[in-house]
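We did not get these values from a lab; they are worked out from the coordinates using the rules stated. This structure is a prediction, so every number in the text was calculated from the model and none was measured. Backbone-built Cβ (ideal geometry, glycine too); neighbour counts: all protein chains shown.
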Amino acid sequence: MKLQATLAALGLASLLAVACSSAPATEGTTESSAQAVSVGGACTSASQCKGALPDICEASCNGGPGECAHFACVSNKCEIQICPPPPPECKRASDCKGPLPELCKLCDNGKSGCAHHECDDGVCVIDYCPAN
């Protein structure tokens, strides 16, 4: 999403539309069974992702060395990345630390719920009511 917004702001949104081929890739590929896959297409490794890459680099990624635009296979889908996403903050609520407000709310189930930490897709959040 961040890359799409950056490319759109630069007027380069057309770079996201990359060529897709259903024929086996032969040039520059060591595996004869490899398929060229466009952004958003199914993949098992970044080497299957093909198409035009924007000429964009970041000086630093997540506090480390920088990187330039490259293909990545994330959750079995091809995407263009400049910097890999930062590691998740948490895997479970017990990984989350920090102060909590002394606040309780009335939940949809009619019971009250007080502030507690939750891990929501790798991000620590403060929640009040249990998930339904």
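Pairing each residue of segment 103-122 that is without any contact (Cβ under 8 Å) to a residue 40 or more places away in the chain and surrounded by 13 or more Cβ atoms within 10 Å (Cβ to Cβ) with any residue that is acidic (D, E) and in a strand (DSSP E or B), provided the two are 6+ apart or on different chains, yields C-beta distances under 7 Å for H116/D127; E118/D127. Looking at segment 93-117 only, could you name the residues that are of a type in the set (D, E, K, R) and within 30 Å of S60 (Cβ to Cβ)? Within segment 93-117, D95, K97 meet the criteria.
Just for segment 118-132: of the residues that are in a strand (DSSP E or B) and either out of contact with any Leu (no Cβ under 7 Å at 6 or more places or on another chain) or hydroxyl-bearing (S, T, Y) (or both), which one is farthest from C90 (Cα to Cα)? Among those that are in a strand (DSSP E or B) and either out of contact with any Leu (no Cβ under 7 Å at 6 or more places or on another chain) or hydroxyl-bearing (S, T, Y) (or both), it is D127. What tally of residues in segment 59-102 results from selecting those that are surrounded by fewer than 11 Cβ atoms within 10 Å (Cβ to Cβ) and either hydroxyl-bearing (S, T, Y) or not in a loop (DSSP other than H, G, I, E, B) (or both)? Total meeting the criteria: 6. Listed by first and then second residue, the pairs with beta-carbon distance under 8 Å, at least 6 apart or on different chains, first residue in segment 57-77 and more than 16 Å from T44 (Cα to Cα), second in a strand (DSSP E or B) and aliphatic (A, V, I, L, M), are G66/A59; A69/I80.
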